[in-house]
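Beneath this line is the structure, given in structure tokens, with notes to follow.
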Amino acid sequence: MGNVKLGKKFKGEDYVVNKSELVKSLAEKAGFTQKDAAKALEALVGTIQGALAKGDKVQIIGFGSFEVRARKERKVISPATGQEITVPATTVPAFKPGKSLKEAVAAPKKAAAPAKGAKKAAKKKK
């Protein structure tokens with residue numbers, strides 16, 4: 001199985017992987033059809049969403065934990081009007097990455113290719 005290239009770059013930003021690219025990669029790596037991979041991804045997302053809606057924590061060892069966190073009521077100043085507004089207390093979903101994910105992200109990247117003019121400059125110095 002080859003590697004599926006994931007992500008698109010938008011206006012100098014980082015690469016963004018969308019759902020269809022994720023489905024393609026999942027299908028290729030697991031040997032599923034794209035239709036089955038899409039069902040599996042939907043089932044995973046739905047299961048996590050349902051658990052969080054009930055207030056449960058979802059822990060995937062090595063990847064991370066999804067949980068619900070409570071936010072207290074707070075006062076903010078509206079930039080448009082300058083008035084103080086009270087933002088009510090709420091609960092929000094949160095993700096805490098696991099050790100393996102942190103290590104994978106922090107792994108050293110390949111050395112960047114030298115700039116276009118670097119070879120010419122190096123030859124001139126000799």
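The values are calculated or read from the model by the stated rules, or taken from the named source; none is laboratory data. Not measured: the values here are computed from a predicted model. Note that each Cβ is placed from the backbone with ideal geometry, even for glycine, and that neighbours are counted across all protein chains shown.
Residues are listed down the side, and each one gets a yes or a no for (1) free of Cβ contacts under 8 Å to residues at least 40 places away in the same chain; (2) out of contact with any Asp or Glu (no Cβ under 8 Å at 6 or more places or on another chain); (3) of a type outside the set (Lys, Arg):
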{"position": "Ala27", "(1), (2), (3)": "yes, no, yes"}
{"position": "Ala30", "(1), (2), (3)": "yes, yes, yes"}
{"position": "Asp36", "(1), (2), (3)": "yes, yes, yes"}
{"position": "Ala40", "(1), (2), (3)": "yes, yes, yes"}
{"position": "Gly46", "(1), (2), (3)": "yes, yes, yes"}
{"position": "Leu52", "(1), (2), (3)": "no, no, yes"}
{"position": "Gln59", "(1), (2), (3)": "yes, yes, yes"}
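Taken over the range 63-76, the criterion of being surrounded by fewer than 11 Cβ atoms within 10 Å (Cβ to Cβ) and within 20 Å of the chain's Cα centre (by Cα) is satisfied by Arg69 alone. Of note, Glu21 satisfies the criterion of being at pLDDT below 95 and in a helix (DSSP H, G or I).
Could you grab me the full set of residues in the range 26-48 that are surrounded by 13 or more Cβ atoms within 10 Å (Cβ to Cβ) and closer than 27 Å to Glu103 by Cβ? If you could, list the steps in order and put the result at the bottom.
Step one: of the range 26-48, the residues surrounded by 13 or more Cβ atoms within 10 Å (Cβ to Cβ) are 26-28, 32, 34, 36-41, 44, 48.
Correct list: Leu26, Ala27, Glu28, Ala37, Ala40, Leu41, Leu44, Ile48.
Taking the criterion of being hydroxyl-bearing (Ser, Thr, Tyr) and either assigned by TED's automatic domain parsing to the domain that holds Lys99 or within 19 Å of the chain's Cα centre (by Cα) (or both), the residues of the range 11-61 that qualify are Tyr15, Ser20, Ser25, Thr47.
Put simply, of Ile61, Ile48 the only residue that is aliphatic (A, V, I, L, M) and in contact with a Gly (Cβ under 7 Å, 6 or more places away or on another chain) is Ile61.
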